[in-house]
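Here's the structure, in structure tokens; my notes come after.
The values are calculated or read from the model by the stated rules, or taken from the named source; none is laboratory data. Predicted, not measured: the structure shown is a model, and the values here were computed from it. Cβ coordinates were reconstructed from backbone atoms using ideal geometry, including for glycine residues, and neighbour counts include every protein chain displayed. Keep in mind that these areas ignore ligands, DNA and RNA; they rest on the heavy atoms of the full protein, side chains included. Shrake-Rupley method; radii C 1.70, N 1.55, O 1.52, S 1.80 Å.
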Amino acid sequence: MVERFEVALNTPAGRLTTAIDVPTGFIPITAIVPVTRRLGEEASQLEVQRVIAAGQTISCRMGCAACCRMLVPLSAPEAFALREYVGQLPTDRRTLLLNRLGDTKDRVKREGLWDRLNDVAEAARPVPDEQLDPLNRAYYALRIPCPYLENEMCSIYEARPAACRELLVTSPAELCQDLVQNPVTPLPVSMRISSILGLVWGSLTNSPPRLIPLPIALEWAERHEAESRRTWPGSSLLDQVLDNMWRFLSQAFTNRSRASGKEP
Ligand code: SF4
């Protein structure tokens, strides 16, 4: 049994209205991940339409995966969802992915970053940007292709993290060869879905809103598997997601007003 909710969100790029089906009974957190990502993608589409109407173009194309060398952060619910997704793949596909993840782990360990990634994922309190930025830069400097990347295309496209869906650029694609040094212009993101899911999970489990680096996400989800089996009423999970979305959108309106020199 599902219940249908009509959702309306005012975003800086326009009004998002959509219908969402949520199971009426108790559900695990992973059940709310797809609809949450969908809302994020619909908000992102409004931004795409806005920049196109302003005469800009989105440079991202299939087969262009320069950004798939960055350290992608996942919320805990997304890490659990990714583990479920990989777990239901045919054995040969799953083995291939797990082998590639193992190769990535070996390389990251050799470079001395593996323990730092785990420290971020297991931190007892939110990790400040001053600590995250050097780690992100050190990881990106290695240009390690994402273990889920195949022939410069995402092999888990329908299950890819929200952070991957949110990164679109309007600057020329060649600038993405060095996302740190070049003046890359990303599409504005008014609600970060990984942060929203992280906050929901933090409040449900009374834990810090953690972000888990993609290369260690399956191992992290395995270690915390018991937590992933907890359930909550579907409508209550949706309420928490929407509540956090409204907060992000309110902040996005304020930020854009300030950036344009107008008071909110
Ligand atoms: S999950 Fe897919 S889209 Fe995200 S970094 Fe990896 S290959 Fe790229």
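Over the heavy atoms of Asp106, what accessible area does a 1.4 Å probe trace out, to the nearest 10 Å²?
Solvent-accessible area, nearest 10 Å²: 80 Å².
Could you work out how far the C-alpha centroid of region 196-264 sits from that of region 1-74, in angstrom?
Their Cα centres are 14 Å away from one another.
When the helices in the chain are scored as -39500 (n - 2.57) per DSSP H run of 4 or longer and the sum is shared across all residues, what 222 nm value do you end up with, to the nearest 500 deg cm²/dmol?
Value at 222 nm, helices only, nearest 500: -16000 deg cm²/dmol.
Which whole-Hz couplings ³J(HN,Hα) result when phi for each residue of region 217-222 is put into the Karplus expression 6.51 cos²θ - 1.76 cosθ + 1.60, θ = phi - 60°, listed in order with x for Gly and Pro?
Once rounded to whole Hz, the list reads 4, 5, 5, 4, 5, 5.
Give, as a single signed number, the net charge of other residues whose beta carbon lies under 15 Å from the beta carbon of His224, with Lys and Arg counted +1 and Asp and Glu -1. All intermediate terms of the calculation are to be shown ahead of the outcome.
Working: positive: Arg83, Arg210, Arg223, Arg229, Arg230; negative: Glu78, Glu84, Glu122, Glu219, Glu222, Glu225, Glu227.
In short, -2.
Tell me, Kirkwood radius of the chain from alpha-carbon pair distances, in Å?
Over the chain, the inverse of the mean reciprocal pair distance is 19.5 Å.
Over all directions, how big on average is the projection of the convex hull of the alpha-carbon atoms in region 221-264, in square nanometres?
With the hull built on Cα positions only, its mean projection is 4.7 nm².
Provide, as a two-decimal number, the C-alpha radius of gyration of region 1-99 over 2.2 N^0.38 Å, N being how many residues it has.
Region 1-99 yields a ratio of 1.38.
Spelling out what I want: for every residue of region 224-236, take phi, set θ = phi - 60°, compute 6.51 cos²θ - 1.76 cosθ + 1.60 (Karplus), and round to whole Hz; glycine and proline get x.
My calculation for region 224-236 gives 9, 4, 4, 5, 5, 8, 5, 10, 9, x, x, 5, 5 Hz in order.
HN-Hα J couplings of region 76-81 from phi, Karplus 6.51/-1.76/1.60, θ = phi - 60°, integer Hz, Gly and Pro as x?
The phi angles translate into 4, x, 6, 4, 5, 5 Hz.
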